[in-house]
Amino acid sequence: MDALDRVVMCFVLKVVNYVLQYALKKPYGVLYKKKNITRPFEDQTSLEFFSKKSDCSLFMFGSHNKKRPNNLVIGRMYDFHVLDMIELGIEKFVSLKDIKNSKCPEGTKPMLIFAGDDFDVTEDYRRLKSLLIDFFRGPTVSNIRLAGLDYVLHFTALNGKIYFRSYKLLLKKSGCRTPRIELEEMGPSLDLVLRRTHLASDDLYKLSMKMPKALKPKKKKNISHDTFGTTYGRIHMQKQDLSKLQTRKMKGLKKRPAERITEDQEKSKRVKKN
């Protein structure tokens, strides 16, 4: 290996390591730096061992060789066994430091945008979309603040490649209540190409999506929700006599003497019939 090959190899390893550090951030990820001989598509026992050791359901493996340079393998587990696994090749990479712009604070929950028909048509790209959502969606939140929506991850599938871009969302004055939105690229950016895939069968995939009974929310009687999340409750009451209902007394609503006489007559007739 000559000096030029060593420089290229060093740069390639830096690219793969940077992508791994970006995707697997603490406290949501564990980074293993030891050089283990691991071939995910040939032997998955080491991946399953580390998954069980770290109690992780998602993994990302980086490697580089002459046949598959700048290689990334992302996947997920089900019951500590590999469910889905997709291999991606890095063709172009721009880091955060290379783009001199303001950055979003660490831990910001991103908004994910997927562009391209392949994400809805091709099965490999559909699983890749699902994997990327699992990787970057962040923690589940109950409320959303408008000022906190400042981080966008954009994935574009075009001509057999996946373009990954990261933007900072800027809210500008628009002269009305709704602000004008601008996107400013802040990095990192990646040009990826799809290589090998290892996808679970449809039956196993459906089984992995099934929610356990212990986690299912219990249904509450007489409570319903609409599409906007508003809660409605139904109350069951006995039949009420509305004639005895106390209402606000007003002079205009007082009964006239003639009306009282007719009511008394009707009541006496009902008593006679009974």
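The values are calculated or read from the model by the stated rules, or taken from the named source; none is laboratory data. Quick caveat, the model's predicted, so the values are computed rather than measured. Every residue, glycine as well, gets a Cβ built from its backbone with ideal geometry; the counts of neighbours run over all protein chains shown. Ligands, DNA and RNA are stripped out before the accessible areas are found, and what is left, the full protein with its side chains, is counted by its heavy atoms. Shrake-Rupley method; radii C 1.70, N 1.55, O 1.52, S 1.80 Å.
Below is a table of values for the structure above.
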| item | result |
| --- | --- |
| Search result, residues across segment 166-198 that are of a type in the set (Gly, Ala, Ser) and open to solvent by less than 80 Å² (accessible area, probe 1.4 Å) | Ser166, Ser174, Gly187, Ser189 |
| Segment 146-169: number of residues that are part of a strand (DSSP E or B) and among the small types (Gly, Ala, Ser) | 2 |
| Sole residue being open to solvent by less than 60 Å² (accessible area, probe 1.4 Å) and at pLDDT 85 or above, chosen from Glu48, Glu42 | Glu48 |
| Condition met for Phe119 (surrounded by 14 or more Cβ atoms within 10 Å (Cβ to Cβ), of a type outside the set (A, V, I, L, M), at pLDDT 90 or above and over 14 Å from the mean Cα position of the chain (by Cα)) | yes |
| Pairs, first farther than 23 Å from Asp202 by Cβ in segment 51-78, second basic (Lys, Arg), C-beta under 8 Å, six or more apart | Arg68/Arg195; Asn71/Arg195 |
| Residue pairs meeting the criteria (Cβ under 9 Å; at least 6 apart or on separate chains; first over 13 Å from Tyr78 (Cβ atoms), in segment 204-219; second open to solvent by 100 Å² or more (accessible area, probe 1.4 Å)) | none |
| Odd one out for Pro110, checked against (1) modelled with pLDDT of 90 or more; (2) crowded, with 16+ Cβ neighbours inside 10 Å; (3) closer than 25 Å to Lys168 by Cα | (1) |
| Among (1) under 24 Å from Leu96 (Cα atoms); (2) among the small types (Gly, Ala, Ser); (3) over 16 Å from the mean Cα position of the chain (by Cα) - the single one Gly160 does not satisfy | (1) |
| Given (1) in contact with a strand residue (DSSP E or B) (Cβ under 7 Å, 6 or more places away or on another chain); (2) surrounded by fewer than 16 Cβ atoms within 10 Å (Cβ to Cβ), number of the condition Phe135 does not satisfy | (2) |
| Checking Gly160 against (1) farther than 19 Å from Gly107 by Cα; (2) among the small types (Gly, Ala, Ser); (3) open to solvent by 60 Å² or more (accessible area, probe 1.4 Å), the condition it does not meet | (3) |
| For Glu87: the one exception among (1) of a type outside the set (A, V, I, L, M, F, W, C); (2) in a strand (DSSP E or B); (3) farther than 28 Å from Lys206 by Cα | (3) |
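Here's the yes/no breakdown for (1) more than 26 Å from Glu185 (Cα to Cα); (2) in contact with a Pro (Cβ under 9 Å, 6 or more places away or on another chain); (3) open to solvent by less than 30 Å² (accessible area, probe 1.4 Å); (4) part of a helix (DSSP H, G or I):
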position	(1), (2), (3), (4)
Leu96	no, yes, no, no
Lys100	no, no, no, no
Leu128	no, no, yes, yes
Thr140	no, no, no, no
